[in-house]
1. Does residue 221 fit the bill of being under 30 Å from residue 144 (Cα atoms) and buried (at least 16 other Cβ atoms within 10 Å of the Cβ)?
2. Considering the stretch 128-145 alone, what residues qualify as being under 15 Å from residue 113 (Cα atoms), out of contact with any Gly (no Cβ under 7 Å at 6 or more places or on another chain) and part of a strand (DSSP E or B)?
3. Which one of these is under 30 Å from residue 238 (Cα atoms) and touching a residue at least 24 places away in the same chain (Cβ under 8 Å): 181, 143, 218?
4. Within the stretch 154-210, can you find the residues that are closer than 22 Å to residue 24 by Cα and of a type in the set (S, T, N, Q)?
5. Which pairs turn up if I take residues in the stretch 89-100 that are touching a residue at least 12 places away in the same chain (Cβ under 8 Å) and look for partners that are among the β-branched types (Val, Ile, Thr) with beta carbon separation below 7 Å, at least 6 apart in sequence or on another chain?
6. Is it the case that the stretch 88-110 has a residue that's at pLDDT below 95 and at positive phi?
7. Take the residues of the stretch 117-141 that are surrounded by fewer than 16 Cβ atoms within 10 Å (Cβ to Cβ) and of a type in the set (D, E, K, R): which is farthest from residue 48 (Cα to Cα)?
8. Tell me, yes or no, whether the stretch 32-52 has at least one residue that is out of contact with any strand residue (DSSP E or B) (no Cβ under 8 Å at 6 or more places or on another chain), closer than 24 Å to residue 120 by Cβ and surrounded by 14 or more Cβ atoms within 10 Å (Cβ to Cβ).
Amino acid sequence: MGNVLAPVVDLHRPLRREEPLTNPGSFDELHRKCKEVFPQQMEGVKLIINKALSSHFQVTHTIHMSTVGQSSYHFNTTYVGDQQLSPTETFPMLVGDIDSCGSLNAQVLHLVAERIRTKAIFQTQQARFVTWQFDGELRGDDYTATLTLGNPDVLSQSVIVVAHFLQSVTSRLVLGGEMVYHRRPGEEGAIVTLAGKYTALKWVATLNIGYGGAHASYYHRANEQVQVGVELEANTRLQDTTFAFGYQLNLPQANMVFRGLLDSNWCVGGVLEKKLPPLPVTLALGAVLNHWKNRFHCGFSVIVG
């Protein structure tokens, strides 16, 4: 009998390694990539002066002269500690903002443990408290759990409780949900919302859907200069649906950034930002035109520091 040659199967071929799961971030930042593409509406003239007094302390003066509402002045202070987890996260952090009418907005962020973060928010309207909120967030290797208490009042037996949970199912897919519970004399209810986010190499798709409606967004980075975003929001209680398209154009050689938008309410807007190196000055010019309501707003701002 002759020799029979059979194909050799390599049983020691290395298996494909899966990418490790990472923390999905906070629930409030699910649509952040898409929202950063859209321009912020500007109106009137605004002057912003930032001054760093030290490596931990910074103050900001903001003067806003409005043609529609009341002109105002804001004084903002920021203190950051020594615990730096990332280039954008430093603990503890204290932020305070007071305007010319005496209204105060204060936030305190603290890292209690390696994985536990807390935040307290206080807002006053002149001499009256309008908001007091307390947040606790637990960040694991592949999940984030958050609990928020809004305006708790023992005497009137009213409170707003918000619970968030996000889980990284794969290296690209994040699933989670939100539960909002409110209670006050004569009224009590809860709303549950499910959320999902898929992150690819150049695009991000996010969906929130629940009893109150749905919010979907899509972000795409075409290249280093062009980014686009699409948002769709549906409200079942108001029976209203809105659609918006935004884009961002970066011109690094000209130190310019342009953001534009177009939505289903017949609004067209744009903001052009121009840096003036070596001076620490940024100029911004923006305008929004609502064809349906025949309204036009424009604004100009100067940022120093």
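The values are calculated or read from the model by the stated rules, or taken from the named source; none is laboratory data. Since we're looking at a predicted model, the values are computed, not measured. Please note: Cβ atoms are built from the backbone with ideal geometry, for glycine as well, and neighbour counts cover all protein chains shown. Only protein heavy atoms, including side chains, enter the accessible area calculation; ligands, DNA and RNA are left aside. Shrake-Rupley method; radii C 1.70, N 1.55, O 1.52, S 1.80 Å.
1. yes
2. 135, 136, 137, 138, 139, 145
3. It is 218.
4. Passing the criteria: 167, 168, 170, 171, 193, 199, 206, 208.
5. Going by the 7 Å Cβ cut-off, the qualifying pairs are 93/80; 94/108; 95/78; 96/77.
6. Yes - at least one qualifying residue is present in the stretch 88-110.
7. Selected residue: 141.
8. For the stretch 32-52, residues out of contact with any strand residue (DSSP E or B) (no Cβ under 8 Å at 6 or more places or on another chain), closer than 24 Å to residue 120 by Cβ and surrounded by 14 or more Cβ atoms within 10 Å (Cβ to Cβ): present.
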